[in-house]
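The values are calculated or read from the model by the stated rules, or taken from the named source; none is laboratory data. Since the model is a prediction, treat every value here as computed from it, not as a measurement. Cβ sites come from the backbone with ideal geometry, for glycine too, and all protein chains shown count toward neighbours. Surface areas here come from the heavy atoms of the whole protein model, side chains and all, with no ligands, DNA or RNA. Shrake-Rupley method; radii C 1.70, N 1.55, O 1.52, S 1.80 Å.
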Amino acid sequence: MATFGALVWIFQDGHLAGLLGGFTVTGDIAATVPVMLFALSFGLAMDYQIFLLARIREEYEITGDGSAAVARGLERIGRIVTAAAVLISVVFLAFAVSDITLSKAYGIGLPLAVLMDATLIRGLLLPALMRLGGRATWRAPAPLRRVHARFGLKEYDGAPDAEHLVPVTAAREGVSAPDRM
């Protein structure tokens, strides 16, 4: 929402037109700008969200302490998320030098959305909400737990299944696991 407010202030009201290389102020914003900005920023935000939550979940499985998991997960992945947000923002800022107003709007709106999401939402609001949620943050809803129990679903822990392990002697002889059966 703050991104849309900034776009209205800049492109609809005409502020910073001189700083951005000049553009024609029409008094409105093209209808495609908010839709595309939302779609692109939402997609990028989900990437950051997945990285961050996966790391926090890993820490929670190791420690069992929600507060420590959030702090340690942010400590470990925070710099990577911030660096990725800055890099993608620099790429999007290149659109701001275009002579096309629509491209300028994307070049200003996308970096604002990405940087606000990476800092304010993922850096402040998400950890605060996870802390306020307490143990409920780490519980799956009852229907999902039943599905997991019924079908034997679990998260991949990175360790290979026993049936896919090949003994060292068989591996040296060039025999694969299915051939040993």
**Study point:** Condition met for M46 (closer than 25 Å to F11 by Cβ and either touching a Leu at 6+ places or on another chain (Cβ under 6 Å) or surrounded by fewer than 18 Cβ atoms within 10 Å (Cβ to Cβ) (or both))
**Key:** no
**Study point:** Close pairs from region 1-12: first among the aliphatic types (A, V, I, L, M), partner open to solvent by 40 Å² or more (accessible area, probe 1.4 Å), Cβ under 8 Å, at least 6 apart
**Key:** A2/L112; A2/M116; A6/L112; L7/I29; L7/P34; V8/I29; I10/L16
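The rows are residues; the columns are (1) surrounded by fewer than 16 Cβ atoms within 10 Å (Cβ to Cβ); (2) farther than 23 Å from G109 by Cβ.
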{"residue": "L7", "(1), (2)": "no, no"}
{"residue": "D13", "(1), (2)": "yes, no"}
{"residue": "T24", "(1), (2)": "yes, no"}
{"residue": "I29", "(1), (2)": "no, no"}
{"residue": "P34", "(1), (2)": "no, no"}
{"residue": "R55", "(1), (2)": "no, yes"}
{"residue": "A85", "(1), (2)": "no, no"}
{"residue": "F92", "(1), (2)": "no, no"}
{"residue": "A96", "(1), (2)": "no, no"}
Check your understanding: Considering region 102-116 alone, what residues qualify as being in contact (Cβ under 8 Å) with a residue 40 or more places away in the chain and more than 19 Å from Q12 (Cβ to Cβ)?
Key -> V114, M116
Practice item. Any residue in region 117-131 that's farther than 12 Å from I77 by Cβ: show its pairings with residues that are open to solvent by less than 80 Å² (accessible area, probe 1.4 Å) and modelled with pLDDT under 85 at Cβ separation under 8 Å, as long as the two are six or more apart or on different chains. Key: D117/L44; D117/A45; D117/Y48; I121/A45
Exercise for review: Could you tell me which of the residues A136, A149, A171 is outside any loop (DSSP other than H, G, I, E, B), at pLDDT below 85 and not basic (K, R)?
Suggested key: A171
Point to revise | Hey, L44 over 14 Å from L110 (Cβ atoms) and within 14 Å of the chain's Cα centre (by Cα) or not | key: no
Check your understanding: Does at least one position in region 121-128 carry a residue that is aliphatic (A, V, I, L, M), at pLDDT 80 or above, open to solvent by 70 Å² or more (accessible area, probe 1.4 Å) and out of contact with any Lys or Arg (no Cβ under 9 Å at 6 or more places or on another chain)?
Key -> yes
